[in-house]
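The values are calculated or read from the model by the stated rules, or taken from the named source; none is laboratory data. Keep in mind the model is a prediction, meaning the values are calculated, not measured. In this analysis, Cβ positions are derived from the backbone assuming ideal geometry, glycine residues included, and neighbour counts consider all displayed protein chains. Protein only, heavy atoms only, side chains kept; ligands, DNA and RNA dropped before computing areas. Shrake-Rupley method; radii C 1.70, N 1.55, O 1.52, S 1.80 Å.
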Amino acid sequence: LLDHGADVHRVDAVDGSSVLHYAAQAQSADAVIVALEAGANVLARSNVMRPRADDETKKPAREDLRGGLTPIMAAAAASSVESLTALLDAAENGAPKRETFLEMALNAVDVA
């Protein structure tokens, strides 16, 4: 499909899932690897959110939803070890490095 112009960055209009989300959910490590090699975003988030449990009832509090699901979360939920390994490797090697709070603080200090 990629050879015929399929867009690896396209997301589902309903839930925001990417090619990587679907490949991970389907436990297709080969599809995950092909999508990653084509430049798919390993850190993409879908619109599907996980509700946080209400402390008193332990039931989901629908008004308090937290972040969308990543392909890594989808692979873990599907128990797809090969997909999960490929996604974690891509996240470690290809994703932009985030500064830790300590690094931000040290960089903010003027050492003159």
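Data table
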quantity	calculated
Residue check, Val8 among the β-branched types (Val, Ile, Thr) and either farther than 16 Å from Met73 by Cα or open to solvent by 80 Å² or more (accessible area, probe 1.4 Å) (or both)	yes
Glu82 being among the acidic types (Asp, Glu), modelled with pLDDT of 85 or more and surrounded by 13 or more Cβ atoms within 10 Å (Cβ to Cβ)	yes
Candidate set: region 9-28, residues that are among the β-branched types (Val, Ile, Thr) and at pLDDT 85 or above; chosen: the one nearest to Ser80 (Cα to Cα)	Val19
Test: residue in region 23-44 that is surrounded by 17 or more Cβ atoms within 10 Å (Cβ to Cβ), under 14 Å from the mean Cα position of the chain (by Cα) and in contact (Cβ under 8 Å) with a residue 60 or more places away in the chain	yes
Some residue of region 92-102 being modelled with pLDDT of 60 or more, surrounded by 10 or more Cβ atoms within 10 Å (Cβ to Cβ) and either part of a loop (DSSP other than H, G, I, E, B) or β-branched (Val, Ile, Thr) (or both)	no
Positions within region 16-43 being in contact with a strand residue (DSSP E or B) (Cβ under 9 Å, 6 or more places away or on another chain) and either more than 16 Å from Asn93 (Cα to Cα) or of a type in the set (Phe, Trp, Tyr) (or both), in sequence order	Gly16, Ser17, Ser18, Val19, His21
